[in-house]
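Okay, structure first, notes after.
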Amino acid sequence: MSELPQYRYLHRMAPTPLVPIQMEGSSFTIWCKLEYLNPSGSTKDRIARHILEKAWRQGEIKLGDTVVEASSGSTSIALAMTCAQMGLKFLALIPDTATNERALMIKAYGGEVMKILGGMPEVIKRAEVVAEQKGAFLARQFENEDNAEAHQLFSAHEIMTQLPDANIDAVVSGIGTGGTLVGLHRGFSLA
C-alpha cells in the first residue's frame, strides 16, 4: 500500500456551513447546507476525495496514474481538482450535450475531456472501454458504494454536529447518483 504524500493528503475537507432559514409567518426552521462553498463548487468534492483516497490506500492507484470517469459535469470537475491535488491524471467522458463551461473547468484543473455522442448510458459504456484500454482507475460514481459512504461518514456527521438539537424531520436534495440521499439516510440512522 502506498502512502499519500503528506503535502497532498487532505483526509477531510473543511465543513461547509449549515445556515438557518425562517420563512415569514412560519414556526419551522429550514437548515441549508452550503455545499457550493466546497473547493470546486459542489457536494461532489466529498465523493471525489473519498473515492480516490480510499482507492489509493487500497493500492488501486498511485502517483501518476490515470483516473477515468463518466459524468455530466460536477463529479468530473471535482475529480479533476482532486486528481490535480493528488498527482494523478484525469480523463472525463461527458455527453456531447454537456455545457462547454463544464469542459473548460475540467481542463482548468488539468483534466482531459472526451465528449461522447449520446446520453449517459453511452458515456458510461465508453468510459469502461477507455479505462480498460488505458489501464486506468474507473471511479464509477453511479455504482461505487464509496459515493454514499462519503456522505454517510462526512456529510451526515457535519449536519448532525451543526444542528442545535440534531433533530431532522426531512431532507431535500437534488438527485443524480442517489449517493447523497443514501449516505445521509445511513448516517442519520446510525447516529
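Would you mind getting the accessible area per residue of the chain, heavy atoms of the protein chains only, 1.4 Å probe, in Å²?
On a per-residue basis, 54 Å².
What does the charge add up to near residue 70, with Lys and Arg as +1, Asp and Glu as -1, over the other residues with Cβ less than 15 Å from its Cβ?
Here the count lands on 0.
Taking all protein chains together and a probe of 1.4 Å, list 46, 102 from the most accessible to the least accessible.
Descending order: 102, 46.
Can you check what the net charge comes to around residue 142, using other residues whose Cβ is under 15 Å from the Cβ of residue 142 (Lys, Arg +1; Asp, Glu -1)?
Counting the neighbours of residue 142, the net charge comes to -3.
How much of the DSSP beta bridge set in region 1-123 is antiparallel, as a percent to the nearest 5?
So the antiparallel bridges amount to about 35 percent of the total.
How large is ³J(HN,Hα), in whole Hz, for each residue of region 123-130 in order, when computed from phi with the Karplus curve 6.51 cos²θ - 1.76 cosθ + 1.60 and θ = phi - 60°, using x for Gly and Pro?
Couplings: 5, 4, 4, 5, 4, 4, 5, 4 Hz.
Just how far, in whole angstrom, is region 131-175 from region 104-126 if you go by their alpha carbon centroids?
Value for the Cα centre distance between the two parts: 22 Å.
If a/c stays under 1.5 just call it rounded; otherwise compare a/b with b/c (prolate if a/b is bigger, oblate if not). Do that for region 29-100, with a ≥ b ≥ c from the square roots of the Cα gyration tensor eigenvalues.
Cα axes put region 29-100 in the oblate bin.
Between residue 28 and residue 133, how many nm apart are label points set 7 Å from Cα along the C-beta direction?
Spacing of the two 7 Å Cα→Cβ label points: 5.1 nm.
If you count, for each residue, the other Cβ atoms within 10 Å and average over each peptide, how do 162-170, 54-62, 82-90 line up from highest to lowest?
The packing order, highest mean first, is 82-90, 54-62, 162-170.
Hey, can you grab everything whose amide H is under 5 Å from the amide H of residue 112? Only 5+ residues off in sequence or another chain; H modelled, so Pro and N-termini drop out.
The answer is 90, 91, 92.
Please give the peptides 91-98, 73-80 ranked by average Cβ packing (other Cβ atoms within 10 Å per residue), highest first, as a rough proxy for protection.
Ranked by mean Cβ neighbours within 10 Å, highest first: 73-80, 91-98.
On alpha-carbon atoms, Rg over Rh for region 101-182 using Kirkwood Rh?
1.08
Are any of the pairs 62/125; 44/89; 44/107; 33/107; 33/115; 54/107 more than 20 Å apart by Cα-Cα distance, and if so, which?
Over 20 Å apart, Cα to Cα: 62/125; 33/107; 33/115; 54/107.
With labels modelled as points extended 7 Å from the Cα through the Cβ direction, what inter-label distance (nm, one decimal) is found for residue 117 paired with residue 173?
With each label point 7 Å from Cα toward Cβ, the separation is 3.7 nm.
Report the one residue of 50, 40, 23 whose Cα lies farthest in the direction of the positive end of the charge dipole of region 23-81 (charges on C-beta: Lys and Arg +1, Asp and Glu -1; origin at the Cα centre).
Going by the Cα projections, it comes out as 50.
If you work out mean projected area of the Cα convex hull in nm² from the coordinates, which of (i) 9.5; (ii) 11.9; (iii) 13.2 do you get?
Answer label, from the structure shown: (ii).
Mind checking the full-extension length gain between residue 189 and residue 18? Use 0.36 nm per residue of separation minus the Cα-Cα distance, one decimal, nm.
Residue separation times 0.36 nm, minus the Cα-Cα distance, leaves 59.6 nm.
The values are calculated or read from the model by the stated rules, or taken from the named source; none is laboratory data. All values reported here derive from a predicted model rather than from experimental measurement. Methodologically, a virtual Cβ is constructed for each residue, glycine included, from the backbone with ideal geometry; neighbour enumeration extends over all protein chains shown. To get the accessible areas, we keep the full protein, side chains included, count just its heavy atoms, and leave off ligands, DNA and RNA. Shrake-Rupley method; radii C 1.70, N 1.55, O 1.52, S 1.80 Å.
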